[in-house]
1. Helix-derived [θ] at 222 nm for the chain: sum -39500 (n - 2.57) over DSSP H runs of at least 4, divide by residue count, nearest 500?
2. Testing the spin-label approximation: label points 7 Å from Cα along Cα→Cβ at Q376 and A340. State their distance in nm.
3. Rg and Dmax in Å for the chain, alpha carbons only: what are they?
4. Once the piece of chain linking F178 and N306 is laid out straight, how much longer is it, given 0.36 nm per residue of separation minus the C-alpha distance between them?
5. About the Cα centre of the chain, how large is the charge dipole given +1 on each Lys and Arg Cβ and -1 on each Asp and Glu Cβ? Please answer in debye to the nearest 20.
6. Cβ under 11 Å from D329's Cβ, D329 left aside: what net charge do those residues give with Lys, Arg +1 and Asp, Glu -1?
7. Top mean-square fluctuation among G91, G55, G201, Gaussian network model of the chain, C-alpha springs under 10 Å?
8. List, largest first, the extents of the alpha carbons of region 292-345 along their principal axes, each in whole Å.
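The values are calculated or read from the model by the stated rules, or taken from the named source; none is laboratory data. All of these numbers come straight from a predicted model, not from anything done at the bench. All Cβ positions, glycine included, derive from the backbone under ideal geometry; neighbour counts span all protein chains shown. Side chains included, ligands, DNA and RNA excluded: accessible areas come from the protein's heavy atoms. Shrake-Rupley method; radii C 1.70, N 1.55, O 1.52, S 1.80 Å.
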Amino acid sequence: MIENERRVPEEITDALYECGMYRAFLPKELGGLESHPVDWLEAVEALSHINGSVGWLCMLHTGQTWASRDAMKRILADERWIIAGNGGRAGGVARAVEGGYWVSGRWPFSSGSPEATHLFGLCVLHDDDGNEVLSPKDGAPWFVVPYFRREDVTLYDTWDGLGLRGTGSGDFSVDNVFVPAEMVDERGIWGITYGTPHEKGPFIQAAHSAHAIGLATAAMEELIKQTHLKARRGSYRQLRFATDENLHIKIATADARIRSCRLFQNDVLTRAFASAQENRYIDYELRVLMAEMNTFIVHEMREVVNSLFLESGVGGVFKGSRLGRIYRDMSTAANHIIIAQNQQPSVGAYWMTKDMEGGPFIENIEMSAIYPPHPQFADRANIRVELPTRKK
């Protein structure tokens, strides 16, 4: 049903919201859990093990928010807070006016948009002459991210992917919509709203690794089940399947890789969260490790799933096959830009130059998966970020 409908049923959305999964990073003062990321990642892994699309949505619908306290309290008095959107592609243009922004744009790959109550999209701030406004912090375009009410958004049913078919990852657009300032992230990483450690780093992005681990454990489980099936008449391969020494090696190696990746993930996230609890910015080397860990684990788990799928023979190729779905979900998840392997040069550059005088040196900062601010801009940390004068 999830695959065919290309979205999750309402019953699942209701259950995940009520149990707190969709409120894991919502501040406690708003009725959220403020879960420790490692505990949350354990849940993401478990749900991804059951269904890749459901696990993917749990990675996104965490309840984390930058909207003001007053705005959130008004919203939560009448409805749930489930957000979806695209913070990676600057598909919108925003113009500051008195009280907020006028915004137009279109964004793709908005997973979870069918059930969302609000959607968000990365926008570049423009002045009244249509020119991009640059941030004095780092000289990059000044990005703002508004929350749009569901009724102000047009959804497009454009998602028909190879895998993760139940995520509802279609496009959405807004056309000259006014968004009040209290519903806009105006300062990006340079400002936080609630002071929770969850706001200080890319903890949500770390769920890519947990999602991949969940898929890999499911693939191993499913392949082992196949080895225990009674052989059909004439199927000599099936007779030998469970006693194949090469398969035993593959299973043992897969198990070791999965366990190693989980330990790597939990070690990095535990230390990063502790740093976020004590500091305004997570220690830079820990932010490097968060990026390294995320990308490495996803592609390590992709290799595990590919290897197990290959061993299954024809058992995974038929429509409705669980192993086939896992293979397609993993292939799709690993192609996400956030954990693309071309993010790793920044990580490698850090390790190679961090001990050099004036280092570290990372050239492709704008495209880096390493969460800013970067050491190159340490001297700008105290620059006051003020929006251009709003016009009536």
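1. So the helix-based figure for the chain works out to -13000 deg cm²/dmol.
2. Taking the two extended label points, one gets 1.9 nm.
3. Computed over the Cα atoms of the chain, radius of gyration and Dmax are 22.4, 80 Å.
4. 41.4 nm
5. 1060 debye
6. For residues surrounding D329, the net value is +4.
7. Result: G91 has the largest fluctuation of those listed.
8. 38, 17, 13
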